[in-house]
Amino acid sequence: MPHQPSVTGSLPLWDGHPKGSKAYGRILAGLSFAGVATFAQLYSTQAVLPLLASDLRITAAEAALTISLATVGLAVTVIPWSFLAGRIGRVRAMTWGISIATILGLLVPLSTSFGVLLALRLLEGMALGGIPAIAIAYLNEEVTKAHAALAAGSYVAGTTLGGLAGRLVAGPAGELWGWRAAALAVSALATLAAVGFLVLVPKARGFMAAGAAGFGGGLRMLGGHLRNIRLLALYVQAFLMMGGFVAVYNYLGFRLSGEPFSLPATLISFIFLAYLSGTVSSRWAAGLATRFGRRNVLLAGLALTTAGLALTLASHLPLILAGLVVFTGGFFATHSIGAGWTGAIASTGRAQAASLYNLAYYLGSSVIGWAGGLVFQSWGWDALAAAIMVLACVTGAAIAAVHTGSEPHA
């Protein structure tokens, strides 16, 4: 019997590459490089926001626009990218996105004004929308169902390494030579990672291009996903928690650069080593989900984020850093589960379901990541941390109410 493509273009009779196979390893390695290239560039200015604000004589919230506009660009293009990927293929679409973003990233250090900088960051984010919009759908089509959650956790782990690498490169370079040199260094790193992705990622086997009805079918699937209360709860989680996460990392550097800590930019960049806890927890959470279920592990991750934020209210630097590690680990555990769960719930239209998740995720980054600066500038760190703890509690309540304990494990 010949294979018949589904509406999304996936082949239902294709079982996927099993864990341990050469192709499975290349998929994870290639997407890890894509994660490095994407998230190193997306947040390339975050480690040098205080330096950028001082050099351009702008406020903390204005400096954070270099992050927010990049994530806005990504958010508004994740759905168009998913439709394009349905026509030209997942791998080709990711290749286009990562290549265009790398070129734009190399232009960022040449910005002649703050306005030009913001415009380039917006365009860079729009190009980067072609990676997270498609990667999870690609994984769910190319990897066996039994290992899809683990593969998604591995991809998220790669994104944490990308975010960490970009910030660790930017911090010292920025302190020595300024924020433009920091942006150039991160773009060079992203270029190398993009090459790694292009070399390693294998050709898709579980995908066939959508036909002429693909666009209309995709729109109908979007509507169906938005009426699915289980998916909506995950989209709420993505919006609120990613927003809170970006706000913490955007403004903690300003707190540590001021009194009583007065830390230099290089030392502040080391706070992003907390991302390593996310690298571990994203894979750890995926493994635990097979034993205890996604719902329970996601709620445990939210509890960790709240506990970690509570520790950052302390006035002692070691406690603040410990809290950041716990907070980061908890966040990436929830994100790993949420991203993978979206693809599992959406048996059809996975690319569109993943795109809606990413839309909520990066809109949260843009809106709450920027608005957190207004809270921080007006009332200080304690108010910002408390507000994000409230967001975590709201998220937990939504997940607990919608996803019952009777749902099957990953």
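The values are calculated or read from the model by the stated rules, or taken from the named source; none is laboratory data. It should be emphasised that the depicted structure is a prediction, and the values quoted were computed from it without experimental measurement. Glycine gets a Cβ as well: all are built from the backbone with ideal geometry, and neighbour counts include every protein chain shown. The accessibility values were calculated without ligands, DNA or RNA, using every heavy atom of the protein model including side chains. Shrake-Rupley method; radii C 1.70, N 1.55, O 1.52, S 1.80 Å.
A few points about this structure:
- Residue count for the stretch 267-318, restricted to those that are under 16 Å from TYR155 (Cα atoms) and not in a helix (DSSP H, G or I): 0
- Only one entry in LEU276, LEU288, LEU304, LEU267 is at pLDDT 90 or above and not acidic (Asp, Glu), namely LEU304.
- Meets criteria (farther than 17 Å from GLY308 by Cα, open to solvent by less than 10 Å² (accessible area, probe 1.4 Å) and touching a residue at least 24 places away in the same chain (Cβ under 8 Å)) for ALA265: no
- In this entry, ALA146 passes the filter for residues that are within 26 Å of HIS17 (Cβ to Cβ), open to solvent by 20 Å² or more (accessible area, probe 1.4 Å) and at pLDDT below 90.
- Filter result for SER32 (closer than 30 Å to ARG255 by Cα, of a type outside the set (D, E, K, R) and at pLDDT 85 or above): no
- Of all residues assigned to the stretch 363-384, none qualifies as being out of contact with any strand residue (DSSP E or B) (no Cβ under 8 Å at 6 or more places or on another chain), within 18 Å of LEU139 (Cβ to Cβ) and touching a residue at least 12 places away in the same chain (Cβ under 8 Å).
- Scanning the stretch 170-183 for residues that are surrounded by 22 or more Cβ atoms within 10 Å (Cβ to Cβ) and either touching a residue at least 24 places away in the same chain (Cβ under 8 Å) or among the acidic types (Asp, Glu) (or both) turns up ALA170, GLY171, GLY174, TRP179, ALA182, ALA183.
- Among all positions in the stretch 161-169, there is at least one residue which is open to solvent by 10 Å² or more (accessible area, probe 1.4 Å) and over 28 Å from VAL91 (Cβ atoms).
- Looking only at residues in the stretch 58-70 that are in a helix (DSSP H, G or I) and in contact with a Phe, Trp or Tyr (Cβ under 7 Å, 6 or more places away or on another chain), the one that is most open to solvent (accessible area, probe 1.4 Å) is LEU65.
- First in the stretch 87-111 and in a helix (DSSP H, G or I), second anywhere and of a type in the set (Lys, Arg) and open to solvent by 10 Å² or more (accessible area, probe 1.4 Å), Cβ under 9 Å, 6 or more apart: VAL91/LYS203; ALA93/ARG87; VAL108/ARG180; PRO109/ARG180; LEU110/ARG180
- If only residues of the stretch 275-321 that are among the β-branched types (Val, Ile, Thr) and open to solvent by less than 30 Å² (accessible area, probe 1.4 Å) are counted, the one that is farthest from ALA386 (Cα to Cα) is THR279.
- Matching entry among LEU359, LEU324 (being open to solvent by 10 Å² or more (accessible area, probe 1.4 Å) and in contact (Cβ under 8 Å) with a residue 40 or more places away in the chain): LEU359
- When the residues of the stretch 34-57 are filtered to those that are assigned to a helix (DSSP H, G or I) and of a type in the set (Ser, Thr, Tyr), the one that is least open to solvent (accessible area, probe 1.4 Å) is THR38.
- Unmet criterion (only one of (1) modelled with pLDDT of 90 or more; (2) open to solvent by 10 Å² or more (accessible area, probe 1.4 Å); (3) more than 18 Å from ALA61 (Cβ to Cβ); (4) β-branched (Val, Ile, Thr)) for VAL375: (3)
- Selection status of PRO5, modelled with pLDDT under 75 and out of contact with any strand residue (DSSP E or B) (no Cβ under 6 Å at 6 or more places or on another chain): yes
- Sole residue being assigned to a helix (DSSP H, G or I), within 15 Å of ALA190 (Cα to Cα) and open to solvent by less than 10 Å² (accessible area, probe 1.4 Å), chosen from GLY125, GLY153, GLY73: GLY125
- Pairs are defined by a Cβ separation below 9 Å, a sequence spacing of at least 6 or placement on different chains, a first member in the stretch 272-293 that is within 20 Å of HIS403 (Cβ to Cβ), and a second member that is among the acidic types (Asp, Glu) and not in a helix (DSSP H, G or I); the pairs so defined are GLY293/GLU407.
- Taking the criterion of being more than 27 Å from SER378 (Cα to Cα) and among the polar types (S, T, N, Q), the residues of the stretch 255-288 that qualify are SER277, THR279, SER281, SER282.
- Test: residue in the stretch 73-85 that is under 28 Å from LEU263 (Cβ atoms) and in contact (Cβ under 8 Å) with a residue 24 or more places away in the chain: no
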